[in-house]
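To start, the structure itself, in structure tokens.
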Amino acid sequence: MKKSNTDEKRLYTPAFVRICIAVFLLYTSIYMLLPVAESYVLQLAGGKLFLVVGRFAVPFLFVAGMLAIGSFHAYLGDAYKRKHLFTYSALLLALLTVAVPFAGHLVAPLWWAVPVMQGILFGLGVTAGNTVAIDMTGSPCRTRANIAYAFASRLGMLTGLVAGIAFGEMEHEVMYAAAVTALLSAGCMSGVRVPFRSPIGMSVCNLDRFLLPSAWLPAVNVLLAAFALACFPPALPLLLLLIVPLTRLFVNLSHHCQRGTAISTLQLSLDTGVLAGLSVGALYFDVRICLLLGVAALSVLFFFLLTRPYYKRRRTR
């Protein structure tokens, strides 16, 4: 019991708590903004495009941005201070959020670039924050640190979605609130003192800190489950119950020094599934319920027939 209490104190240091608050605020900011950004960006694009692609465009463009930056995570995290990558990403997100309403006529021809840039900055910030959280934690506490970081991010996601949906009609106010939240996130991370780490010379483009090859099958399973829950937003709180076992599953499929890549893979699959599920929100209620039930059943079968046996064979911890 004494050892457990000591480990808890060692984990929840002021620096680690600040990191968790920072990622909570970053997720709150971006998910608060998404419901509003869809309508605003599509207004810039014009009515014809809205009729053709509706609200499907923005979430998938956002995911495209996250995927586009993914293979550069390791190089950027090695060449620059990871704390700065998170801080500057949050600051640029805040600036982009505030600038778009004032430069609407200039942004209109490049409407598609706004969600792509948001996805790039968000993906870079979340991955950098995850690496900082690991760097600031001793080896015995790192799995619990991964769980705490992932839980903070999902709690921020839910908080942002509730705020964005509840106040969606107050478009400009929500955008300003999202910008302020991103600034607060940057402020929290900027106050964290990270020990110096010598560069190890990563190649410019690689899968480290992006995708863990040994976790590809569980990642597909998680994507399906997250999509099903996001089809019916009231069911999204279930992700908070799943985040602990999911984090352990992905960590247990990684080798030493692959922990950060495992968590990045989990976060990417969760966010991709949630954003894809939210994009079907414009469909009729009956259609969404059918998607929820169908994809949820598929994800459960996927787990017991494929993911569970795969995990038992491939786990490393």
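Annotations
- Conditions (1) buried (at least 23 other Cβ atoms within 10 Å of the Cβ); (2) not acidic (Asp, Glu); (3) not in a helix (DSSP H, G or I): number failed by residue 250: (3)
- Residue 142 more than 25 Å from residue 60 (Cβ to Cβ), at pLDDT 85 or above and not in a helix (DSSP H, G or I): no
- Qualifying residue in region 218-232 (condition: part of a loop (DSSP other than H, G, I, E, B), under 30 Å from residue 290 (Cβ atoms) and modelled with pLDDT under 90): yes
- Total residues in region 259-317 satisfying the condition of being more than 27 Å from residue 156 (Cβ to Cβ) and not in a helix (DSSP H, G or I): the figure is 4.
- Scanning region 138-175 for residues that are open to solvent by 10 Å² or more (accessible area, probe 1.4 Å) and polar (S, T, N, Q) yields a count of 3.
- Filter pass, residue 155 being in contact (Cβ under 8 Å) with a residue 24 or more places away in the chain, farther than 20 Å from residue 226 by Cα and either not in a helix (DSSP H, G or I) or not hydroxyl-bearing (Ser, Thr, Tyr) (or both): no
- Tally, over region 188-237, of residues that are over 30 Å from residue 308 (Cβ atoms) and buried (at least 16 other Cβ atoms within 10 Å of the Cβ): 6
- Test: residue 175 is among the hydrophobic types (A, V, I, L, M, F, W, C) and more than 20 Å from residue 22 (Cα to Cα): no
- Those residues of region 1-40 which are out of contact with any helix residue (DSSP H, G or I) (no Cβ under 8 Å at 6 or more places or on another chain), in a helix (DSSP H, G or I) and either closer than 21 Å to residue 191 by Cβ or at pLDDT 85 or above (or both), in sequence order: 9, 14, 15, 17
The values are calculated or read from the model by the stated rules, or taken from the named source; none is laboratory data. Being a predicted model, the structure only gives us computed values, none of them experimental. Here Cβ is always computed from backbone atoms with ideal geometry, including for glycine, and neighbour counts include all displayed protein chains. SASA here: full protein model, heavy atoms, side chains in, ligands and nucleic acids out. Shrake-Rupley method; radii C 1.70, N 1.55, O 1.52, S 1.80 Å.
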